[in-house]
């Protein structure tokens, strides 16, 4: 009995090596290690609070002098007007904008940055006046959304990546493994038709899952054509990417492994970038970051497609590149 | 009908098909014989456009191998394993391919009748025996009624009765004027079937002649 169990165990191990599942065993710890290296070891709080002050605004002299006399805690930027200040907050060039009526404008109320800004003000006031009452009377957030809605972009990204990188590569590889693609190539079907049908079916699956997500959740986005168009372009990019991953594999098991290997690095840096300065510098390289950031801008800042032309072009280019590569491999009858 | 000139495909392990040339005339029934790894399947895969050759020239009924969209109207390729959509019915599998060939639905009905599949039209392929699956696979390949048919190990894994059934079909197609190339590693089986035998050994063609000549030659006893 033990002998047979040993034989079968060894056989299963050989299969995991052969179908490359073993890669996951090494890849996941390696990925965690690299990600931890990229995540700041200290909490992602700014060393200095970057505060914006509007040029012609009349501030409380005591507050103004205190801020300017604490260069170790505050980096002051002079801002022309309120609109410019809001733009700089959105671009994350300043952490907060102070108005004369002790109103502080921040990007998101529930964020580590906002907490740091308020703590810094409290500490400064205590040092100047010895009191523990905050100079800030009101905090206004540029992003007005509940926590559920704020998590929406992450769920969207998860769904898009799940369909593209886990479901689709497996389906494409299955057609190769079972020689169904070879049969289809015995018909007058053009290679590009097969390829585009795969991209299209993946886009449909993504769209159905997103519509379902919006229907069952209570997150009201309303009819926003910019949002819909962006999701379509995003789903095209990742669908084409997923089809390419599937095409690189000979069988379903390999495709699943490769899908997970690509899924995590696309999900985590994009989702965690705001918690780490290092990650936020690396994350823009992955298309999922461009996707999730744009979705956030459309949902929370009412950005339009024209304002997101770079991100849109980037995603469309990645999608087209993936289609081009898949087409080349299909023409070469890669691993068929 | 089929002209092959210096067709070559070499894999990493120095296996494959080394420069091979031959011609097949219309309505010949040619058996390509050889051991596993002799290059039989490589040859058929190249002829059916599912593998690209390293070099060489192939024309089938005047159409070059590179013109796949033209070529698929001339050839049918039946692979060793019936590659069908398992979760769908026999009829669905045939209809899908008929649509891709732009054939009318009547052709699907006709094929099901010709191959005795009408009783299984709504049965999922998953639930069919291997022999029936092979019959569906042949029926599907022959939907457009092409003049040339390639069979890769058509009797592999089939029992005696099913093997006889496949050979009966091959004879029928041949009698209908089709040009047929099929591979086998069991030459004894096709003694009374093929009109011509090509023997491949380690990627090279070592015999081209009639079955009688082949079985009289010392080559058969050397190889088998």
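Every number here is computed from the coordinates shown, using simple stated rules; none is lab data. None of the values given here were measured: they were computed from a predicted structure. Cβ sites come from the backbone with ideal geometry, for glycine too, and all protein chains shown count toward neighbours.
Across A:187, A:254, A:304, mean-square fluctuation computed from a Gaussian network of chain A (C-alpha pairs under 10 Å connected) peaks at A:187. Once C-alpha pairs closer than 8 Å and six or more residues apart are averaged by separation and normalised to the residue number of segment A:1-91, the relative contact order reads 25 percent.
The calculated FRET efficiency for the pair residue B:3 and residue A:10, based on their C-beta separation and a Förster distance of 60 Å, comes to about 0.75. Projected label points at residue B:12 and residue A:204, each 7 Å from Cα along the beta carbon direction, are separated by 3.8 nanometres.
Calculate, for residue A:229 and residue B:212, the FRET efficiency according to 1/(1 + (r/R0)^6) with r their C-beta to C-beta distance and R0 56 Å; round to the nearest 0.05. E(calc), rounded to 0.05, equals 0.20.
Across chain A, Cα pairs under 8 Å and at least six residues apart give a relative contact order of 20 percent. Using r as the Cβ-Cβ distance of residue A:112 and residue B:36, and R0 as 56 Å, what FRET efficiency do you calculate, to the nearest 0.05? Once rounded, the FRET efficiency stands at 0.30. Within the listed set B:38, B:175, B:27, the Gaussian network model of chain B (springs between alpha-carbon atoms below 10 Å) gives the highest mean-square fluctuation for B:175. Helix A:309-331 and the longest principal axis of the Cα set of chain A meet at an angle near 10°. With a simple spin-label model that places each label point 7 Å from the Cα along the Cα-to-Cβ direction, the separation between residue A:214 and residue A:277 comes to 3.8 nm. Peptide A:187-193 has a mean shielding of 5, counted as Cβ atoms of other protein chains within 10 Å of each residue's Cβ. Remark: relative contact order (chain B) = 29 percent; criterion is Cα-Cα distance under 8 angstrom and separation of 6 or more residues. When you count the other C-beta atoms within 10 angstrom of each residue and take the mean per peptide, B:3-11, A:155-163 line up highest first as A:155-163, B:3-11. Working note: 222 nm ellipticity from helices only, DSSP H runs with n ≥ 4, each -39,500 (n - 2.57), summed and divided by the residues of chain A, gives -20500 deg cm²/dmol to the nearest 500. Taking segment B:170-213 on its own, what percent of its Cα-Cα pair distances exceed 14 Å? The share of Cα pairs beyond 14 Å in segment B:170-213 comes to 53 percent. Ranked by the mean number of other Cβ atoms within 10 Å of their residues, highest first, the peptides A:168-179, A:189-200 fall in the order A:168-179, A:189-200. Mind telling me which of A:78, A:12, A:95 comes out most flexible in a GNM of chain A, alpha-carbon contacts under 10 Å? Top of the fluctuation ranking is A:12. Take each residue in B:96-109, count the other chain C-beta atoms within 10 Å of its C-beta, and the mean is 2. Counting Cβ atoms of other protein chains within 10 Å of each residue's Cβ and taking the mean over peptide B:79-86 gives 4. Only beta bridges with both residues in the protein assembly as shown are counted; by DSSP, about 40 percent of them are antiparallel. Seen against the Cα atoms of chain A and their longest principal axis, helix A:112-129 is set at about 20 degrees. Beta-bridge orientation, chain A: approximately 20 percent antiparallel, per DSSP, counting only bridges with both partners inside.
The residues A:241, A:275, A:314, when put in order of fewest to most other Cβ atoms within 10 Å, stand as A:275, A:314, A:241. Summarised in one figure, the compactness ratio Rg/Rh of the protein assembly as shown, Cα atoms and Kirkwood Rh, is 1.17.
Summarising the strand pairing of chain B, around 55 percent of its internal DSSP beta bridges are antiparallel.
Against the longest principal axis of chain A, how steep is helix A:168-177, in degrees 0 to 90 to the nearest 10, with axes from Cα atoms? Orientation of helix A:168-177: about 10 degrees from the principal axis.
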